[in-house]
Amino acid sequence: MKDLTTLFFHQKNIWSNILLLFVFMLPLSLAISNLLYGLMIILWLIDLFCKKIVLKKKDILNILLFSSFYIISIFSLLYSTNIEYGLKKVLSHTFFLMFPIVLFTKKNLITKRFVIKLIEVFTISLILISVVSILTQLYKYLLLKGDFNDFFLENKLSTSVNGYYFLGFSLFISFAIISTTYIKLFKEELLSIWFAKTYYFYVPFLSITLILLNSRSLITITTLLFCLIFITKSLKEKKYKKIYFSIFILVSIFILNYKYNQAFNEKIKEAINYNNEYSIDKKWGGRAMRLLIWDCTLKVVNKNPLIGVGTGDQQDELTLCYKIYMKNQLLYKGVTFNAHNIFLQILLSTGIFGLFFFTCSILYSFFIAYKRHNIIYILFLVIFILSGLTESFFERNFCVAFFTFFNSILFLYKRLE
């Protein structure tokens, strides 16, 4: 009980406890995590007024770099027509600016052990919401006697409790599995004792949840990174049998999921697209939808390549393109389709200028992380960037909160003093 209490409550000061509560509530409730985020800003302003905040030149440069894309998106309102939509986006995405400001100026709190504790608390929250979601859907399944796919897959599972989109929820779980696996194998001394001992229970459970969420890309990314981490550890210890065993287990799970999960089976066939049977003309689905969206995105970008169409007009211009080029499959009443790629979405709203600064911030962060051997941060970036090639995560607020928080805090995990 004492170990559990010290996990959630830090004796150092109120800031540590707020950060712990924030990561715990993020998978459970965006509304409550937003209240905690607002509290962070208020406390930071109080500290600033009381002259407890010291801004060093290096911190200011890092803050500007990490929030450069967001600053440019604010300026893009100057040439946006739909100001209401643009202001809504800008106000809801203040995470891009405020998390770098708060965390870089409070970096004295961010020790290695504290960052690991944040990941532990985040993982516990994911386990909790996954258990509640599965039990909720199981109750409905037994009560209504429906089809398994109608209760336990994708959005049916992810939205059962907190309404999160399944790809964003899959992103959370993928990060939890990969980060805790790396820490368990290479930095176990930083983990809470009970958390390390229960690793072989909660990671398989989270893996099952990820399979049920059925994100083709995140299942693949998670599997590959898991293999990479496990093989690296086995090679380091010269335990080659572990490599063969892990590969056998993962291949077996993939085959069983492919055989018995019809939705996953369909997604894999669609990705391979053997004999072009999933072309736009033959079968409508995720692949065909994205091809149509990307085609229209590039058409809109070509009109305003340097500065984009503006944060306010990005969705209006994309929807207009669907109408002009008669992409009727993308014109559902009450449904809007974004660019389904973080880089294309940035290019659409802020052009080459905005994409350049965002890419620079990612490359700079990756370079510093590589230089400091900050593997946890590198893994975080790899997961987010690879999965973001087929999804516009910045169009969902809970994904923005997740990215901006961990992007700053993991960057500081092995900071140079």
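The values are calculated or read from the model by the stated rules, or taken from the named source; none is laboratory data. From a predicted model like this one, the values you see are computed outputs, not experimental measurements. For neighbour counting, all protein chains shown are included, and Cβ atoms are generated from backbone atoms with ideal geometry for every residue, glycine included. Surface accessibility is based on the protein's heavy atoms, side chains included, excluding ligands, DNA and RNA. Shrake-Rupley method; radii C 1.70, N 1.55, O 1.52, S 1.80 Å.
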| message | Accessible area per residue for the chain in Å², computed with a 1.4 Å probe and the full protein assembly in place, what is it? | response | 49 Å²
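Given 0.36 nm per residue, what is the gain on full extension from Trp294 to Lys57 after removing their alpha carbon distance, in nm?
Working: separation 237, 0.36 × 237 = 85.32 nm, distance 4.00 nm.
Gain on extension, Trp294 to Lys57, equals 81.3 nm.
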| In nm, to one decimal, how far is the modelled label at Leu389 from the one at Lys145, with both set 7 Å along Cα→Cβ? | 4.6 nm
| Amide H to amide H under 5 Å from Tyr413: which residues, 5+ apart in sequence or cross-chain, H placed 1.01 Å off N in plane? | none
| Selection from Ser179, Ser130, Leu190 lying farthest towards where the dipole of the stretch 111-238 points positive, charges on Cβ | Leu190
| (i) 5, 22, 33, 26, 11, 2, 1, 0; (ii) 4, 19, 24, 19, 14, 11, 6, 2, 0; (iii) 4, 20, 30, 28, 15, 3, 0, with the label sought being that of the calculated P(r) over Cα pairs in 10 Å bins from 0, in percent | (iii)
| query | Under a plain spin-label model, where a point goes 7 Å from the Cα along Cα-to-Cβ, how far apart in nm are Cys227 and Lys323? | reply | 4.7 nm
| query | From the residues Ile231, Ala288, Asn328, which one has its Cα farthest along the dipole of the chain in the positive direction, the dipole being from +1 and -1 charges on Cβ of Lys/Arg and Asp/Glu about the Cα centre? | reply | Ile231
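Cβ neighbours within 10 Å, averaged per peptide: list 121-129, 342-350 in order, most packed at the top. It would help to have the intermediate numbers written out before the result.
Values: 121-129: 21.1, 342-350: 25.1.
Those peptides, ordered most packed to least, come out 342-350, 121-129.
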| Contour excess over end-to-end distance, with Cα ends at Ile352 and Asn155 and 0.36 nm allotted per residue | 67.6 nm
| query | Once you sort the root eigenvalues of the Cα gyration tensor of the stretch 163-248 as a ≥ b ≥ c, which label holds: rounded (a/c under 1.5), prolate (a/b larger than b/c) or oblate (the other case)? | reply | oblate
| said: Quick check: at a probe of 1.4 Å, how many percent of the accessible area of the chain sits on carbon and sulfur atoms? | reply: 69 percent
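Looking at the chain, do any whole DSSP H helices span at least 20 angstrom along their long axis by alpha carbon and average 0.5 or above on Kyte-Doolittle, and which? Kindly include the intermediate steps, with their values, before the conclusion.
Working: long enough: 30-49 (28 Å, 2.03); 112-144 (48 Å, 1.52); 166-186 (30 Å, 1.70); 199-213 (21 Å, 1.80); 216-237 (32 Å, 1.13); 240-260 (30 Å, 0.99); 286-303 (26 Å, 0.26); 342-372 (34 Å, 1.49); 397-411 (21 Å, 1.67).
Sorted by number, the helices that extend far enough and score high enough are 30-49, 112-144, 166-186, 199-213, 216-237, 240-260, 342-372, 397-411.
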| Mean Cβ neighbour count within 10 Å, used as a protection proxy, ranking 386-394, 311-319 highest first | 311-319, 386-394
| query | If you put +1 on each Lys and Arg Cβ and -1 on each Asp and Glu Cβ, how big is the dipole of the stretch 111-238 around its Cα centre, in Debye rounded to 20? | reply | 360 debye
| Cysteines, the chain, no other Cys beta-carbon under 4.7 Å | Cys50, Cys227, Cys360, Cys399
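Can you give me the relative contact order of the chain as a percent, contacts being Cα pairs under 8 Å and 6 or more apart?
Working: 480 pairs, mean separation 88.8, N = 417.
Once divided by the residue count of the chain, the mean separation gives 21 percent.
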